[in-house]
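Below is one structure; the comments refer to it alone.
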Amino acid sequence: MLLRVDPASTVPLFEQLAASIRMDASLGTLRVGERLPAARDVAASLDVNVHTVLRAYQLLREEGLVDLRPGRGAVVTERAANYGELGEAIPRLVERAKELGVSVHALTAMIRQEYTS
Amino acid sequence: MRSTHSGFRVVLVAIVIPLVLTVIALIVSFSLAAALPASIPTHWNVKGEVVGYGSPYTYPIIIASVCLPFIAIFGGVVVLMTHRYQLTIMGKILAVISVWLVVFLSVAMIGALLATPSITSGTVPGFRVIGWSLLVAFVVAVAAAVGAWFLLPRAARRTPGRAPAVAPIVLGAGERATWIRSTAANPRVILALVGILLVVTAVCTFVVVRSDGKVWPIVIIPILLICVALTNLAWTVRIDDTGVRARSALGIPTITIRLADIVSADVLEVNSFTEYGGWGFRWGFNGRMGVIVRSGEALEIRRRKGLSFVITIDDADSAAALVNSLIARTGAASSSSASSD
């Protein structure tokens, strides 16, 4: 799985990491039952703190994308398949929003609105 | 047209010739055995004294019971892999080993039978004659194997890798990226290995118990098997701006290739058996070496010096794309810093 972070970005590193993993799920490269790489390895490769990686995994656990089990690490749940389905719809939606000149703020606000209504 | 012609040559070398040779050897050894007494010397000690006698028919029986299954298995595998896939160097090696074995065994057995009358009459020491016949058999068999190699069609050219089929990964100057993934043998292969391991462990336990613990060191066998499996069949690949690292489940061996030593990465379709002769840490005889845990998608790391490194892994496209992006970024960074100097 591909993980990327940009320390220059204003988005917190753990959010970026979680977004990276969500992306893998939506692209279908992350399969159900697969184990996320050891936090220690990710931290070493990306030169970030282990706690940052663990925090990203914790965030994904709250979302239900992974299961955290002691001794087994972070295991991808069935929900990854649902992310994969959205992975096709979201690029289309964003593409259309760009064509129509709708900003990312406006689009996320509209999505949030749709959830709460 | 060409493929049917070369297919015929493979059948000829891998099946027909070894089979004909075996039949001839059987006819010759049977007729030689028929002319000998019912019991002849067959075993010698280091001093050259006869320590064992046996039937002369032992020799043709050995030829039949070793050569025929060998031809069936080796020849069958080579013909099948050529028919369904292509003739690889690995296939040629298998076919040539089969020819070597058939010739070696036939010549050695016939030599032993031919020498028997002079051995029994006491004119020459038996062990020396047998030694010579083994040496002659070895040389003749090597010659036959070399001949078989050249009689076989050329091995197929190695399959070229292809560029990763994903959009190039655009990395910012300060952005950090890594790709980490595990790869392991098919569940069916693992299940078979676990089965073998259980049988071996059971046999070893039985032997240790029956011998009242005298042969306890054989417990090393199942432990060794587990280590071999763990060091060969489960790996983790990590790619980052230092390069590519492949580490086995045990941590040993770990293969590290620095980014600076990589020309580019691409994606391959690998056939584990026909190209690499099995699973594990392998030499491909095709300019490639690598970690082959199954057939199918593989990442190929082309190095500046030496063999390409191949590892069978899912989503090799993303892995290759990241390697290429990382190389491109360091290249761009070094050329921009050079121009600013």
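What follows draws every value from the coordinates through simple rules; no lab data is involved. Since the structure is predicted, the reported quantities are computational estimates derived from the model, not experimental observations. No Cβ is skipped: glycine too gets one built from the backbone with ideal geometry, and neighbour counts run over all protein chains shown.
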Can you classify the stretch B:135-225 as rounded, prolate or oblate using the Cα gyration tensor, where a ≥ b ≥ c are the square roots of its eigenvalues, rounded means a/c under 1.5, and otherwise it's prolate if a/b beats b/c and oblate if not?
oblate
With each label point set 7 Å from Cα along the Cα-Cβ vector, what nm distance links A:LYS98 and B:LEU19?
6.4
Most fluctuating of A:ALA89, A:ALA39, A:ALA18 in the GNM of chain A (C-alpha, under 10 Å) is A:ALA89
In whole percents, the bins of 10 Å from zero upward hold the Cα-Cα pairs of the stretch B:193-244 as 23, 35, 20, 12, 8, 2
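Would you please classify the overall shape of the protein assembly as shown from the alpha carbon gyration tensor, given that a ≥ b ≥ c denote the square roots of the eigenvalues, rounded means a/c under 1.5, and beyond that prolate means a/b larger than b/c while oblate covers the rest? Don't jump to the answer; show the numbers that get you there.
Values: a/c = 3.03, a/b = 2.32, b/c = 1.30.
In terms of gyration-tensor shape, prolate.
Shape call for the stretch A:1-87 from the C-alpha gyration tensor, a ≥ b ≥ c root eigenvalues: rounded (a/c under 1.5), prolate (a/b greater than b/c) or oblate?
On the way: a/c = 1.84, a/b = 1.27, b/c = 1.45.
Oblate.
When Cβ neighbours within 10 Å are restricted to other protein chains, what is their mean count per residue of peptide B:150-156?
So the per-residue partner count for this stretch is 0.
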Student exercise, chain B dipole from Lys, Arg, Asp, Glu Cβ charges, in Debye to nearest 20
320
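As a footprinting exposure proxy, order B:LYS214, B:LYS305, A:LYS98, B:LYS92 by other Cβ within 10 Å, with the fewest listed first.
Numbers: B:LYS214 9, B:LYS305 6, A:LYS98 12, B:LYS92 22.
Neighbour counts put them in this order, fewest first: B:LYS305, B:LYS214, A:LYS98, B:LYS92.
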Net charge, B:ASP241 excluded, C-beta distance under 15 Å - Lys, Arg +1, Asp, Glu -1
0
To make sure I understand the rule: partners must be aspartates and glutamates, Cα under 17 Å from the Cα of B:LYS305, and not fewer than 8 residues away in the same chain. Which ones qualify?
B:ASP261, B:ASP266
Normalised by the number of residues in chain A, what is the relative contact order in percent for Cα pairs under 8 Å and 6+ residues apart?
26
Which angle between 0 and 90 degrees, to the nearest 10, do you get for helix B:187-210 versus the longest principal axis of chain B when only C-alpha atoms count?
50
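Mind sorting B:ILE110, B:ILE220 by how few other Cβ atoms lie within 10 Å of their own Cβ, fewest first? Kindly include the intermediate steps, with their values, before the conclusion.
Working: B:ILE110 20, B:ILE220 11.
Neighbour counts put them in this order, fewest first: B:ILE220, B:ILE110.
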Gap separating the Cα centres of the stretch B:224-250 and the stretch B:134-158, nearest whole Å:
36
Checking the cross-link filter: which aspartates and glutamates have an alpha carbon closer than 13 Å to that of B:LYS92, excluding same-chain neighbours under 8 positions apart?
B:GLU275
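Just checking the output field for A:1-10: average partner chain Cβ neighbours within 10 Å of each residue's Cβ?
Values: counts 7, 13, 7, 9, 5, 7, 4, 4, 3, 0.
Across the residues of A:1-10, the mean count of other-chain Cβ atoms within 10 Å is 6.
Counting other C-beta atoms within 10 Å, which of B:ASP240, B:ASP314, A:ASP67 has the fewest, and how do the rest follow?
Details: B:ASP240 22, B:ASP314 18, A:ASP67 15.
Arranged by neighbour count, lowest to highest, B:ASP240, B:ASP314, A:ASP67 become A:ASP67, B:ASP314, B:ASP240.
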With +1 assigned to the C-beta of every Lys and Arg and -1 to the C-beta of every Asp and Glu, and no other charges, what is the dipole magnitude of the protein assembly as shown about the Cα centre in debye, to the nearest 20?
1060
Karplus ³J(HN,Hα) for the stretch B:319-326 (6.51 cos²θ - 1.76 cosθ + 1.60, θ = phi - 60°; Hz, whole; x = Gly/Pro) runs 4, 5, 4, 5, 4, 5, 5, 5
In deg cm²/dmol, rounded to the nearest 500, the helical mean residue ellipticity at 222 nm of chain B, built from -39500 (n - 2.57) for every DSSP H run of length 4 or more, is -17500 deg cm²/dmol
Answer with one residue from B:ILE110, B:ALA332, B:TRP283: the one whose Cα lies farthest towards the positive end of the charge dipole of chain B, charges on Cβ with Lys, Arg +1 and Asp, Glu -1.
B:ILE110
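What average count of beta carbons from other chains do you get within 10 Å of the Cβ of residues in A:34-44? Numbers along the way, then the final one.
Working: counts 3, 1, 1, 7, 3, 0, 0, 7, 4, 1, 4.
Average neighbour count from other chains, rounded to a whole number: 3.
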Along the charge dipole of the stretch A:1-96, which of A:ALA8, A:PRO37, A:GLY84 sits closest to the positive end, that is, farthest toward it, with unit charges on the beta carbon of Lys, Arg, Asp and Glu (+1, +1, -1, -1)?
A:PRO37
Hey, what did chain B get for relative contact order, percent, Cα under 8 Å, at least 6 apart?
15
Over all Cα pairs of chain B, how is the pair count split among 20 Å bins, expressed in % and running from 0 up to the last occupied bin?
23, 40, 28, 7, 1
